[in-house]
Amino acid sequence: MKFSRKLLNSFKTPSGSGDNQARSDRKNDKSEDALNAGEGVADPPPAYESHGTRAESTPYSKEQGLVASTAEDPYAFLSSFETVFLIDDSRSMRGGSWREVQLALRDITPICVAHDADGIDLYFLNHQTGEEGDANQGKASSGFYKIRKSKTVEEIFDEVHPQGATFTGRRLHHILQPYLRLLERNKRDFKSVNPLNIIVITDGAPCDDVEAPIITAAKKLDKLDAPPHQLGIQFFQ
């Protein structure tokens, strides 16, 4: 249960605006902050470094007008985001790792639903449903949507069996594109589009380029002059 505890704790452990970001090797790229490490997300996770500046001493969530976590409600920030989980279902997840992730999501789902009645969306790297998604909401196809019950999570994990490779970048690209198109259509009214928080759970190295779709998304957000909190991507191993 070590992984389950780590993932649950990350939903209430305070984090700074930049301390927990995983930097890319592109030191001079303004979009390098797109990749966030998952060691703590009590304040909304900044997804990329915008071209504007802000004081390091300013609490991130307060500056952006988002709901921040408090001692009374450490998960309050979840009400400001659409929460999407991307799960590694490659062959390396067989056995104990698969069960760990199942238990963690089972426990996290009620917490998310308590702050967002729409529930969570769930995608896997390899398994794809026949669902078409919803372009009007920026939702990619082939996922499980609006999950509100822990029992549903368990049923999904009983249906999906780990197999195949770890093409994390390809799947991230698939999830990000409809959301970025939605932002493009609503670039004059970003407040009408809920910020998106993607949580990637994996146990191994990807087989493709994970950084590329994230940096591409960050550059797109910069071009649209979107708020820095509009998209967050975090990785847990």
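The values are calculated or read from the model by the stated rules, or taken from the named source; none is laboratory data. Being a predicted model, the structure only gives us computed values, none of them experimental. Neighbour counts run over all protein chains shown; Cβ positions are idealised from the backbone, glycine included.
Table for the structure above
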read-out: Meets criteria (under 19 Å from residue 139 (Cα atoms), out of contact with any strand residue (DSSP E or B) (no Cβ under 8 Å at 6 or more places or on another chain) and buried (at least 19 other Cβ atoms within 10 Å of the Cβ)) for residue 226; value: yes
read-out: Hey, residue 146 crowded, with 18+ Cβ neighbours inside 10 Å, modelled with pLDDT of 95 or more and within 22 Å of residue 79 (Cα to Cα) or not; value: no
read-out: Tally, over region 89-117, of residues that are in a helix (DSSP H, G or I), crowded, with 18+ Cβ neighbours inside 10 Å and of a type in the set (D, E, K, R); value: 1
read-out: Per-region count, region 136-195, residues among the aliphatic types (A, V, I, L, M), in a loop (DSSP other than H, G, I, E, B) and under 28 Å from residue 107 (Cβ atoms); value: 2
read-out: Enumeration of residues in region 202-223 that are farther than 19 Å from residue 181 by Cβ and surrounded by fewer than 22 Cβ atoms within 10 Å (Cβ to Cβ); value: 203, 204, 205, 206, 207, 208, 209, 211
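Each row is one residue, and each column tells you yes or no for (1) in contact (Cβ under 8 Å) with a residue 24 or more places away in the chain; (2) in contact with a Phe, Trp or Tyr (Cβ under 7 Å, 6 or more places away or on another chain); (3) of a type in the set (Lys, Arg).
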| residue | (1), (2), (3) |
| --- | --- |
| 144 | no, no, no |
| 153 | yes, no, no |
| 163 | yes, no, no |
| 168 | yes, no, no |
| 172 | yes, no, no |
| 178 | yes, no, no |
| 194 | yes, yes, no |
| 207 | yes, yes, no |
| 227 | yes, yes, no |
